[in-house]
Amino acid sequence: MAKVLCVLYDDPVTGYPSSYARDGVPHIDHYPGGQTAPSPEKIDFTPGQLLGSVSGELGLRPYLESLGHTLVVTSDKEGPDSAFDRELADAEVVISQPFWPAYLTAERIAKAPNLKLAITAGIGSDHVDLTAAIGRGITVAEVTYSNSISVAEHVVMMTLALVRNYLPSHQWVRDGGWNIADCSARAYDLEAMAVGTVAAGRIGLAVLRRLKPFDVALHYTDRHRLAPEVEQELNVTWHPDVESLVRACDVVTINCPLHPETENMFDDALLAKMRRGSYLINTARGKIVDRDAVVRALESGQLAGYAGDVWYPQPAPADHPWRTMPNHGMTPHTSGTTLSAQARYAAGTREILESYFQGRAIRDEYLIVDGGRLAGTGQHSYSAAQGAL
Ligand code: NDP
């Protein structure tokens, strides 16, 4: 029987919810492009409940225990004395979420001789040392597409929040003020601005589609061009590189995976090539930007605003400079873990486990590493020489 080790974020400080703001979440069968939403044989949770925190257990306990497996759930993941490190020694399956990543480094993999499957409940397996996983024959899988639209919506929200100066204006209201000039002195319309995405994959393309009705000029750079009919439909301009993109845009959103080629992409040099007063939105991964260069660009006014939900490390320490830098709209890593998204990636995690325990192939689109090589989605998105970034 297998030991399944699940690392999830803590319950709310007020305790695990006993009621919710809404009575459920809409059901989605298919994603844009036709991929079917997760389809496990059964689920043991109510969609719309908090599943991604420790008490939510991704709704997996009844299923795993009915098969005689052991489920260990913890949020304690940092350092050699953490519950994660202790429990990993004899775990066969590790489940982790990018929002609260259990960094599966080469050292940790070396100390986990039974480990056969690492599941990302969500998207983005850069917290796993893929080279080490390939070397050890560990399967790495994620729930592709489960929260792509959730993130795209967050990008649109933050674009508007920054450009229109929403957060400081809201703060004036909370503080009892009516300071219209203070609010409007940094507020603009998005209309007619140029908005560009670094990468037009599932999230980047969804952002372009959602921003099109705002009558903005759309731009993108990607290693592969979109189909000509999609470029035409969106009237979007392709750029051969990120330098060309940022020079043409007022708002830039980052939607590429973190891999050696994209790590530290937005450094002092690239930020200096952006238009003065640009807005930068990063929901991809914290390490795609140079942490301190972003602070400098906000302080100098080169950037008018920075927002996103991805940091390094996660959780970010209390003294992380992004908490106090000017004109930011950061949140913790939450864009892909709405209750709607949780229902999908919990079901996807269950589907992957059902395939694994029944000896069936895991859906190709969920695979990152399998059989000692990059596989499925991983073949497309990641590099075999990739440590835990
Ligand atoms: P996709 O794989 O659909 O798209 C990624 C795109 O990035 C691909 O088109 C890829 O091009 C392109 N790309 C890769 N490298 C570069 C590069 N150097 N320059 C330009 N484009 C590049 O992924 P998703 O859209 O689903 O997700 C993107 C990322 O968003 C994830 O990797 C993850 O890090 C992050 N994410 C964040 C979440 C959150 O909660 N904040 C949740 C989900 C994802 P090619 O086709 O050539 O490979």
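The values are calculated or read from the model by the stated rules, or taken from the named source; none is laboratory data. In this text the structure is predicted, and so the values were computed from the model without any measurement. Because the Cβ atoms are built from the backbone with ideal geometry, glycine has one as well, and the counts that use them run over all protein chains shown. SASA here: full protein model, heavy atoms, side chains in, ligands and nucleic acids out. Shrake-Rupley method; radii C 1.70, N 1.55, O 1.52, S 1.80 Å.
Sorted by accessible area (1.4 Å probe), largest first, how do 95, 28 line up?
Result of the area sort, largest leading: 28, 95.
With contacts defined as alpha carbon pairs under 8 Å and 6 or more residues apart, what's the relative contact order of the range 149-249 in percent? Could the numbers behind the result be given before it?
Values: 121 pairs, mean separation 26.1, N = 101.
The value is 26 percent.
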Loop sites in the range 193-240: trypsin sites (Lys or Arg not before Pro), DSSP, at most 16 other Cβ within 10 Å: 223, 225
Percent RCO, i.e. relative contact order, over the chain, from Cα pairs under 8 Å lying at least 6 residues apart: 20
Surface accessible to a 1.4 Å probe, residue 66 within the full protein complex, Å²: 90
Exposure of residue 370 as accessible area (Å², to 10), given a probe of 1.4 Å and all protein chains: 60
Proximal lysines to residue 273, defined as alpha-carbon separation beneath 22 angstrom and excluding residues fewer than eight positions away on the same chain: 287
P(r) of the chain over all Cα-Cα pairs, binned every 10 Å from zero, in whole percent: 5, 23, 32, 25, 12, 3, 0
Prolate/oblate/rounded label for the range 181-310 (Cα gyration tensor, a/c 1.5): oblate
Gain on full stretching of the segment that runs from residue 334 to residue 107 - 0.36 nm per residue minus C-alpha separation: 78.9 nm
Helix-only [θ]222 nm of the chain, DSSP H runs n ≥ 4, -39500 (n - 2.57) each, per residue, nearest 500: -8500 deg cm²/dmol
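Given the range 4-147, what whole percent of its Cα pairs are spread farther than 27 Å?
24
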With Cα atoms, 0 to 90° folded angle of helix 148-163 axis to the chain main axis: 30
Per residue solvent-accessible surface (Å²) - the chain, probe of 1.4 Å: 43
Heavy-atom accessible surface of the chain: percent carbon and sulfur, 1.4 Å: 52
Lys, Arg +1 and Asp, Glu -1 on Cβ, resulting dipole of the range 1-90 about Cα centre, debye, nearest 20: 240
Per principal axis, descending, Cα span of the range 50-116 in whole Å: 32, 26, 18
Between 0 and 90°, nearest 10: helix 339-357 axis offset from the chain longest Cα axis: 30
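Mind ordering 14-25, 278-289, 70-81 by average Cβ neighbours within 10 Å, highest first?
Details: 14-25: 9.8, 278-289: 24.3, 70-81: 14.8.
By packing density, highest mean first, the sequence is 278-289, 70-81, 14-25.
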